[in-house]
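A short worksheet on the structure shown next.
The values are calculated or read from the model by the stated rules, or taken from the named source; none is laboratory data. From a predicted model like this one, the values you see are computed outputs, not experimental measurements. Neighbour counts are summed over all protein chains in view; Cβ atoms, including those assigned to glycine, are modelled from backbone coordinates with ideal geometry. Quick note on the areas: whole protein, heavy atoms, side chains included, nothing else; ligands and nucleic acids left out. Shrake-Rupley method; radii C 1.70, N 1.55, O 1.52, S 1.80 Å.
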Amino acid sequence: MTQAHGALRSVVAEVGDDQWALRTPCEKWNVAQVVRHASGDQLGYAAAITGVGGPTEDPFAPSEGRPEPSSVGAALDAAAAAFATIEPGTPEVPSPLPIGPLSAESVVSAAALDAAVHAWDVAVALGRPSPLTPELAEQLMPIAEVMAGPLRAFAFGPAIEGEPGDDAAARLLRFLGRRPDWPPAGLGTLGS
């Protein structure tokens, strides 16, 4: 969790004033929308556990307005504080996911998966190196396998066939319907 949250926090801190409208691997969403979505997801996990707070906008219909980087930090802090209240090994922890409660380890891993993949989305949109390391991807693949089936219709794209030489990060991204070789040449802001 710490590595995934750290990746999202640091990549958002690198977004320049002129980069919020850049396209991302999330079809039809720019950097600002991905960041708003990722923050809303983390607030959703926190609210499911604590029963208070939650996102102020629909994470699946994020606005295009530039988010405050401090709001991302606040969302990550809220999720981390909520997860700190859960005893390891708890068999059923509330989650904001339509698949319902998950084990303590699974709900923490699900939030980490979300943060790590959206950190990748933003990093590649900015032309930065991927924060999704093969080691982190290996840790996240088991929860991706649990979540992908029930969430494939609205949260993940169809799996993409692997290619020779894919590392664990590329395999995870393809499994979730993302192209590890993103971006295609010539992409700029949405609408351009």
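Some points to look at:
- Scanning region 133-172 for residues that are within 22 Å of K28 (Cα to Cα) and either open to solvent by 40 Å² or more (accessible area, probe 1.4 Å) or modelled with pLDDT under 95 (or both) returns A148, L151, R152, A153, F154, A155, F156, G157, P158, A159, I160.
- Within region 29-46, the presence of a residue that is in contact with a Leu (Cβ under 9 Å, 6 or more places away or on another chain), at pLDDT 90 or above and open to solvent by 50 Å² or more (accessible area, probe 1.4 Å) is excluded.
- Counting residues in region 16-27 that are surrounded by fewer than 16 Cβ atoms within 10 Å (Cβ to Cβ), in contact with a His (Cβ under 9 Å, 6 or more places away or on another chain) and touching a residue at least 40 places away in the same chain (Cβ under 8 Å) gives zero.
- The set of residues from region 49-86 being in contact with a helix residue (DSSP H, G or I) (Cβ under 7 Å, 6 or more places away or on another chain), open to solvent by 50 Å² or more (accessible area, probe 1.4 Å) and free of Cβ contacts under 8 Å to residues at least 24 places away in the same chain comprises P55, E57.
- The residue that is most open to solvent (accessible area, probe 1.4 Å), among those in region 96-108 that are farther than 11 Å from A46 by Cβ and in a loop (DSSP other than H, G, I, E, B), is P98.
- Of the residues in region 132-143, at least one is under 23 Å from A13 (Cα atoms) and polar (S, T, N, Q).
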